[in-house]
Amino acid sequence: MSKWRRYLYLVMDRFDKGIYPLRRIDSSSLFFPANQPHATPSKVEDARLPQPCLSFTPTPCTDGTGSRNFDFFALFGRGERKKSLIAGADENGFTVMYDLDQRTVHNTLRLNEPKQIDPISLAVGDALYVMERRPHPDNRCNFESLVHSLDEPKPPMEEEEDDDDDLELEPTEDDDDDLGPIATEYDGISDWRWRCLEPPPYVLEPDYNPTRISAYTVVGGSNIWISTPDIGTYSFDTVAGKWSKAGKWLLPFRGRADYFPEYDSWLGFTAKSGLLCSFNLSNAASVRAKRLVVRSVLEEKEDMREGGGCMLSDAYLVHLGSGKFCVAKFFRKEYNLVTKECHVVPQLEEFVVFTGFVMDQDGPGGALRVTKHKSRRYATEAMTNGWVF
């Protein structure tokens, strides 16, 4: 029997409470049973959000007026347990890490320099790379990587006073009891650190005007590509730690895309409509292309306009395994409500739609085909940002 991920993870803010709840969504709810492989896709079903597993809280404001915001959350991992860690950083640069498998919270780290809202983040190898969405030449550290330093030599510990000779520095057998999501200090700062990296070369040019990165991905397993309008596409070699220009062209998608070797394709969302699409970047740099194009659009346009009059604010693609995918899209719907007294009251409706897809390919290198299964809509309350893993 083929295996696939049991849960999806959803993080959304509650700005009215200053918290960021983490929820688990049962991925099987997005697919028809195995004995109904050709069932007709159903209409979007309204569903209730499950109770949070836990909630993240950013550091409080210094003036006591409330809490800061988290600028990003990202999924990554190390060694055999790939992509089991969630990292998030707030406006002050403080970073919290949560291990989904071990249900353990790591101690707080701190970025070398806080990032603005919505920076880009990518897991490459055993590290997490984070960059300002709009790099600025005056910033001390636009680009950083979160790396594991367990194997690095640690400085010798200073000798303690005689009165502290009975202080235990190692966990004892009595400490093995399950205390829930509470971690020791050995899980945090001693094992992980943020490392400052060089920014893209164009950021340091005299005539550079801070510009938003429009698209980004990983190519060749170790090269981060970023596209910036009117500048082109640059590549960062994570092994050599050096930047180079890939071309004057732009990546043909919005936000992030990921490579899937089983299909020899990159999957992401079209730049304008936000529809699921595929493309090939294997020879993009070598052929000196002037313009990259989408290979195929895999999603019907009406799928993103559920209910009509909605604006797509963000989209995520999650690979569940065994050809199964989830597309999660955040929508905003603005409209006016007319009261009995003929007063016009502006209304804002926000929700996220999860849709299950099964992907097939017509032989090696052949066309990709997707079969849509179920869609579930979750209403969001007092939300400004959301992430899906």
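Here are a few things to note about the model shown:
- The residues of region 122-152 that are part of a loop (DSSP other than H, G, I, E, B), surrounded by 19 or more Cβ atoms within 10 Å (Cβ to Cβ) and out of contact with any Asp or Glu (no Cβ under 8 Å at 6 or more places or on another chain), listed by number, are Glu132, Pro135.
- Hits in region 269-290 - residues which are part of a strand (DSSP E or B), out of contact with any Asp or Glu (no Cβ under 8 Å at 6 or more places or on another chain) and under 23 Å from Pro119 (Cα atoms): Phe269
- Qualifying residues in region 74-102 (those that are more than 24 Å from Asn385 (Cβ to Cβ) and modelled with pLDDT of 85 or more) - the one surrounded by the most Cβ atoms within 10 Å (Cβ to Cβ): Gln102
- Where a residue in region 114-143 is under 18 Å from Gly241 (Cβ atoms) and its partner, wherever it lies, is of a type in the set (Asp, Glu) and crowded, with 21+ Cβ neighbours inside 10 Å, with Cβ under 6 Å and at least six apart: Val130/Glu144; Asn142/Glu132
- Close contacts from region 42-70, counting a first residue that is farther than 26 Å from Asn107 by Cβ and a second that is at pLDDT below 90 and part of a strand (DSSP E or B), with Cβ to Cβ under 7 Å and a gap of 6+ residues or different chains, come to none at all.
- Pairs meeting the criteria (first residue in region 5-25 and surrounded by fewer than 19 Cβ atoms within 10 Å (Cβ to Cβ), second residue among the charged types (D, E, K, R) and modelled with pLDDT of 95 or more, beta carbons under 7 Å, at least 6 apart or on different chains) are Tyr7/Arg24; Tyr7/Asp26.
- Given (1) farther than 15 Å from Leu275 by Cα; (2) in contact (Cβ under 8 Å) with a residue 12 or more places away in the chain; (3) in contact with a strand residue (DSSP E or B) (Cβ under 9 Å, 6 or more places away or on another chain), number of the condition Gly365 does not satisfy: (3)
- The number of residues in region 103-113 being more than 18 Å from Pro21 (Cα to Cα) and either buried (at least 18 other Cβ atoms within 10 Å of the Cβ) or of a type in the set (A, V, I, L, M) (or both) comes to 2.
- Residue in region 7-53 that is modelled with the highest pLDDT, counting only those that are in contact with a Ser or Thr (Cβ under 7 Å, 6 or more places away or on another chain) and among the aromatic types (Phe, Trp, Tyr): Tyr7
- Test: residue in region 257-268 that is touching a Leu at 6+ places or on another chain (Cβ under 8 Å), surrounded by 14 or more Cβ atoms within 10 Å (Cβ to Cβ) and over 24 Å from Pro119 (Cα atoms): yes
- Scanning region 361-380 for residues that are under 22 Å from Tyr7 (Cα atoms) and not basic (Lys, Arg) gives Val370, Thr371, His373, Ser375, Tyr378, Ala379, Thr380.
- Taking residues in region 328-341 that are closer than 19 Å to Tyr378 by Cβ and among the hydroxyl-bearing types (Ser, Thr, Tyr), and partners anywhere that are at pLDDT 85 or above and surrounded by 12 or more Cβ atoms within 10 Å (Cβ to Cβ), not one pair has Cβ atoms closer than 7 Å while being at least 6 places apart or on different chains.
- Count of region 219-258 residues which are more than 20 Å from Tyr202 (Cα to Cα) and part of a loop (DSSP other than H, G, I, E, B): 6
- Selection within region 235-251: residues that are of a type outside the set (Gly, Ala, Ser) and out of contact with any Phe, Trp or Tyr (no Cβ under 6 Å at 6 or more places or on another chain). The member of this set that is surrounded by the most Cβ atoms within 10 Å (Cβ to Cβ) is Leu251.
The values are calculated or read from the model by the stated rules, or taken from the named source; none is laboratory data. A quick note: this is a predicted structure, and the numbers were derived from the prediction, not measured. When we count neighbours, we look across all protein chains shown, and the Cβ atoms used for this are built from the backbone with ideal geometry, even at glycine.
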